[in-house]
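The values are calculated or read from the model by the stated rules, or taken from the named source; none is laboratory data. Not measured: the values here are computed from a predicted model. Backbone-built Cβ (ideal geometry, glycine too); neighbour counts: all protein chains shown.
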Amino acid sequence: MSIFTAVRNQKQTAGALHGAMQYIMDPRKTVDGERNLVTGINCTAYTAFVEMMTTKRQFKKTEGRQFYQFVQSFPADAKITPAEVHEIGLEFAKRQFPEYEVLVATHCNTEHLHNHFIVNAVSFQTGKKLHQNHGDLEQHRKVNDEICAAHGQEILEHYGRNPKQKPMKPKEYQAAIRQQSWKFQLIKAIEEALAYSTSKETFIQNMNYEGYDVAWSDSRKYITYTCPNGRKCRDNKLHDDTYLKENMEKIFAYRQAAGFIPLTPEPKEGWLTQAETFFSEMVRLGYHVEQSFLPPENGRTIARNDRKLKQREALKKLAHGHKLSSEEENQKEDLRW
């Protein structure tokens, strides 16, 4: 069975639309063998942004809601190929948004194959603005099930508004597929977002693209994640200290200082170890700066010459039994003279 959810894109600008497209079209996520699983419906995939913006300008509807984004994901144990997942996504987009430009991208770089849909908020045929509510989401889920069933995939048993039965709520819908482990998916999403993020802001944006809301405030001790299924989870419930707020802040501070490039190999010690070392050095530097402003002890002046400081460090190492490099040997001799 597949999950169909709406992504809450709070930022609705042309830049946000372009950023979302760039994210879902990343070939590191969409290439399966020799095929890149990105397709445009009523548009060409790689000119989709220009075409969508042209439609908005043509009908003079460039303000307000720019786009809608949805995710259609499959469990890790589903007997389905990335190409089949892509075909299901294309069928869904054609059926549900026949008058709108839609970009469909299949991500096959994780255990859970999933489709991303970005839908223009303005019809290219009529100029009508697209509006979506909870009822529309339920309808999308029904159609999603019909298409998945036609492709031999398992589906949820009931959606309808039977008078004798309460309608299925979003949380109940997700509860029916708990075997997919929502918390495991959250952890995988965090790991994935971290691989592409250089800062807190880009991390939150990348989590938003995957359908997760992130509440990260300086005034609160924890980071709180809201999953596509409505469940909330704090960082201290993820069973890995790497994801704690204080450690995430250290990771991003280190990445900013080190000029981290997304998806490059991490140091052997791991990011957290490097970050801890970085912060220890910062604390020690702060201590030395503070000491430099204190009155000199016993009337002695504080050495401000870099060479003198290096020479003193060399003698300290020697005093503690450490071997010196040839450069440090020279510094030691210079200091004696």
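Points worth noting:
- Residues located in segment 220-259, provided they are surrounded by fewer than 16 Cβ atoms within 10 Å (Cβ to Cβ) and among the acidic types (Asp, Glu): Asp240, Asp241, Glu246
- Checking Gly89, Gly135, Gly127 one by one, the residue that is among the small types (Gly, Ala, Ser) and touching a Lys or Arg at 6+ places or on another chain (Cβ under 7 Å) is Gly127 and no other.
- Top-ranked residue of segment 214-260 - restricted to ones that are in a strand (DSSP E or B) and out of contact with any helix residue (DSSP H, G or I) (no Cβ under 8 Å at 6 or more places or on another chain), ranked as nearest to Arg141 (Cα to Cα): Thr226
- Residues that are under 12 Å from Ile118 (Cβ atoms) and in a loop (DSSP other than H, G, I, E, B), drawn from segment 6-48: Asn9, Met25, Cys43
- With respect to the stated conditions, Glu99 fails to be surrounded by fewer than 23 Cβ atoms within 10 Å (Cβ to Cβ) and either closer than 20 Å to Thr30 by Cβ or not assigned by TED's automatic domain parsing to the domain that holds Glu51 (or both).
- Selection count, segment 52-85, where residues are in a helix (DSSP H, G or I), surrounded by fewer than 22 Cβ atoms within 10 Å (Cβ to Cβ) and free of Cβ contacts under 8 Å to residues at least 60 places away in the same chain: 5
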